[in-house]
1. Enumerate the residues in segment A:133-152 having an amide nitrogen under 19 Å from the point lying 7 Å beyond the Cα of residue A:686 toward its Cβ.
2. Under the classification rounded if a/c is under 1.5, otherwise prolate if a/b is larger than b/c and oblate if not, where does segment B:179-231 fall, given a ≥ b ≥ c as square roots of the Cα gyration tensor eigenvalues?
3. Expressed in nm², what is the orientationally averaged projection area of the convex hull enclosing the Cα positions of chain A?
4. Order A:324-332, B:92-100, B:104-112 from most to least packed using the mean count of other Cβ atoms within 10 Å.
5. Roughly what angle does helix B:3-32 make with the longest principal axis of chain B, taking Cα atoms, 0 to 90 degrees, to the nearest 10?
6. Could you give me D for chain B, from Stokes-Einstein at 25 °C and 0.890 mPa s, where the hydrodynamic radius is the Kirkwood radius over C-alpha pairs? Units µm² s⁻¹, please.
7. Would you mind counting up the charge near residue A:225? Only other residues with Cβ under 11 Å from its Cβ, with Lys and Arg at +1 and Asp and Glu at -1.
8. So, by mean Cβ neighbours within 10 angstrom, what's the order for A:548-560, A:826-838 with the highest one leading?
Amino acid sequence: MPANKETRRMRMLGAWGVWAAKHWVSALLIALGITVLLGLGLSRLRLELTYYSLMPKDSPKVRDLQNIVETFPAASSIVVVLKAENSADRDRARQTITAAVDSIVVELSRPEYAASIVRVQGRFDLDYIREHGLILSKKEDIERFQRMFTDLNLVPLITHLNDDFEREYSGNEKKLSEEEEQTSGQLEGLGKIIGLMSAAAADGNGRETDPEELSAGLDQFIFGSPYFLNRDGTMAVLFIQPAFTINDLERVVAEIPELEHIIKNKVRTLGVTAGLTGLLVVMKDEIITSEQGLGISMIIAVVLILLLMILSFRMYSAPFISGIPLLIGILWTAGLAGWVMGRLNILSAMYMVALVGLGIDYAIHLLTAYVQEREHGLTVAESVLQSVRKSGPGILTGALTTAIAFFALQVAKSQMVKELGIVAGLGILCELASMFIILPALLGFRGSRLARKGKSDSELLRRVGLRYSWIPVLGERVSRRPAIFAAIMLAAAILVGTQAGKVQVEGNIMNMEAKGLESIELQDQMVKEFGMAPDTMSVTETNLQQMREIEKKIDKLESVKTVDSIVPYFPSPEEQSLRAEQALRFRRQILALGPDETLDREQLGSQLQRLEDNLLEMSDLAFAGGMDKLLDKLNRLTGRDATGEKIAKTDLDRLILELETNESGSASGLIRLQQQFVPSLQAILLPMSNPEAIGLDMVPPDIRDTYVSSDGHDFLMNIIPTGNPWDENFRSVFTNQIATVTERATGLVLVADQMTEIAQHDGVRAAVTALLVIFLLLVLDFRNIKLALATLLPLCLSFLSLFGIMSLAGIKFDFINIIAVPLLIGIGVDDAVHFNHRYLLEGKGNMPLVVARTGKAVLLTSVTTIIGFASFIPSIMRAMRSTGIVLSIAMALAYLFAILLHPAVLIIMAERLGLNIHPWTSRRKK
Amino acid sequence: MKVLPLLLITISSLFAATAGAQDAGQIVRQAEKPFIGNKIYSVSEMTVYRSGSARPTQVVEGYTMDEGGRSYSLTLYLEPARMKGTAYLIIDNDLWVRFASTGRIRKLSSSAKKNSAGGTDFSYSDMGDSGQGIAKKYQATLENRDVIVAERKCFQIALTPRTGQEDTYEKLVAYIDQQNYRYLKIDYIQSGAVIKSLTFSDYRNTDGRDYPFQMIMESHTQPSRTEVVTKRVEFDSTKVEEDMFTISYLQRIQ
């Protein structure tokens, strides 16, 4: 029978409490034994504090991603972003940046870094293009080449160049934009060539043009710039392939900071600044900031709570009596987590800190009752017995409801919420066990020490301890006017709750990282400056032809900047065969050419005027299209400023003038240049027109290793987006468009989608389950449905108010702080439960006494819980900070509704409306 | 016996579908009224925002005409100084550009109509079709009668390209105010995703038409949006003359 059952339970606990207080050595040894046993689990425990580790392992896309990470190590690249310190002088900035790139590549390629770095790429490898350029080019590009280089002499070359510009770019802003990078590089080369032509035309002494300068100019004209530069050439990126992947978290945390240090040290004297970004770097930052955040939070929480304990109980030993079982409870929890799951994820690790504020609740209830009994003159053992009897039922019910509510999180879909449920439930039970096993023993120890020394409780603390005399006053007021208190709290909840529906879910996972993290800020900078994000989606294929088909389709998508794979570097045998024919024809064409002995000065002048017009029109398009990099080059070539006004004379102007006036015998100078120009250009074009078929083994190792698995069976394609894939709105467009081509794309950005899914669905699912379970437990405990429902009312109003406040304050739910919902359900009901038990014990008309007796403990438990959660607020990691804020608000609301509304509702129900709130078994007995 | 109920159900469904389709068509026609007209003259300010930063505002004069079953459109840039004198002429699917810097005129391929106009988030096609209404090339289907957009109850109409039409998007989804049949938003869908959205605001009565004086085209694939503020719009305007839509007119522009 319930009454007997309750007495038996309390008798057993009471008996243990008395025994432990009297035989505290033995009791502590038992606790030690348990600690050793559970503590062995700690050796199995890993901290996995990354969002990556939260991904559902059974998802096909996650498995694909893990396969990519393991099979294609180059997929885990570190991106180094360099910025020229002085960007006012663009030419100088560009020279500084490119020199810095070369310098860093040399430095990081040294053997001493080989253990950490597989490869560093600061520029595009042109040698492969030099040797197989035409085989690697599309049919239409080869045809373009053939048209442009029909004749390598100056006049026909410039004429064909003009034809090409007009055919390809005139009015075609889209094409210009797509080829902006390439065209910018070529224009630089063109500028150098025109400079050499101008010098040759003006030189009356017949000096030879510097062959190296000529080669460099032609090289740049054909191949563009090999560096990865931003729009105005003041920034560059390098790619480091590390010797570890995102699966090697320990190496990520240890070696990336070292690399960062080396690089930043190196660039100090180079006139540039450097920053690192990319998934590995963000992950490293996540781990470090999480650990820092958790560490600091734990210390703050423990210190504040223990201080509160001293002041509240007026015992210097309060921190030890409550703190020792508290910390041992946490140790037991960690040990059990090691045995059961082997790891703590970011949610369950945060929970361990919150456990400081939760576990102390049991100590507070026990110590409150103990101190009250001691103040009535009972002995230590008698006080322990009474404190267990009086506060025990409430503690047990509260702990069990909370633990079961947490275990009920197994209904969640996501692994991380399930794991949190296990750790949280175990944590509550471990703290409960720890308090009941150890706290009476410590009280006995303290009592015997004081008795031996002939001392009593500290006089000082009696004077300075916290006073709670306002609590009984509040109890009186609520008892006298329950309807008013109930109405005010209800109205407040409804008022704030009207905004509840507007609370939003965070769509950008990067907004949850620590603010101001360089690795995150550089992601946005890369989108802005380079038009691409460092984080991509990837597809693997075993069939290369299939990959070619997919790539063609994906490349056309509006949200895709470019697609990287082995495909451009290894055309299909059919394509190679067709191109080989074209390459051979081109080769024969080039071989048959030779430098002319003559030059039509007027014709050249006319074509140069036409060239200037083409460049001006391209600059109009570049201006309108916001192609600043191209516009800058074009303005320099044409001597114009940002508004299009002619401000300077250029090499082109001088050359045209020379040709018109012919003062220095311009034609002869140019003919001399032509004698060098044609063979130099032939020397570049002939190797490019090599018709030899390319085998996979001929592709440069750095390209092959990036896109082909080590066993040669799988091929990787990286899809680079036009926007930031961590932004929810853009990601939706990006993933939906890719899905129209293939369902097999994967990437860490998908984590964001899955995490948002968790926030939206798992949180709700967990909350509903926890609510149902709690309700059942309340019915079982109180054996009264009306009372069970009334107990849930403050909780429900807390929720409504919480959502309303979050909406008003602009705080969004994310997949971390959404866990506040089931936590609030599990913990928030405890205060009302304690009031219920005490009210049933004290009887009708005694609510002031109930509030006076229970109010202090309820207040303290709420404050300590709030401290536990609020300790996350100083964290630099925004996810932790927002969780701390949300949970603190939630707990504060739960307390306010418990102390101001719940007693009023109980009085209205039991005393005004005459409803029976007693257990139905006691009614049957009557 | 079994055939009759089936027949009745089929006929009812067809009727419902037809009724739905007619409703959608009527709704769109009503919404299109302010935009359809002959000899439309307008002056607009267009500002492109890239990654949050504003590019120099473009001031353009627009002239459109429908004549002899052909559509004509001339866009002339007045500002900024760099673009003053640049002009685009569209006659059906043909497109010419006049460059301010050189005075030369180039004919572009018809595929260029899909390209961005003047670096904005509007294509030449988006701008050139304005005199015929937005939905001329599309057929309408009512998807939802009660959708809230900008705190207004709207019809959600799906617009899919009519057969044989070129320069169209895969689909448009238009949100039309239930009360006053104003376009409030249009989503442009390509390759399964909304790639840009056009919102309409600042409706004013002009020439007896309820016309939006502000339109914002926001790209969802680039960090970019274009705000268009109409300074002036005239329907059946005497400023629009037939000879404006010729190459020789482009040559005469200063």
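Every read-out reported here was derived from the displayed coordinates using simple, explicitly stated rules and does not represent laboratory data. Computed from a predicted model, the values in this text were never measured in an experiment. Here Cβ is always computed from backbone atoms with ideal geometry, including for glycine, and neighbour counts include all displayed protein chains.
1. Zone members listed by number: A:133-135, A:146, A:149-152.
2. Oblate, because a/c is 1.5 or more while a/b does not exceed b/c.
3. Orientation-averaged projected area of the Cα hull: 46.6 nm².
4. Going from most to least packed, we get A:324-332, B:92-100, B:104-112.
5. So the inclination is approximately 30 degrees.
6. Translational D for this selection: 126 µm²/s.
7. Counting the neighbours of residue A:225, the net charge comes to +1.
8. A:826-838, A:548-560
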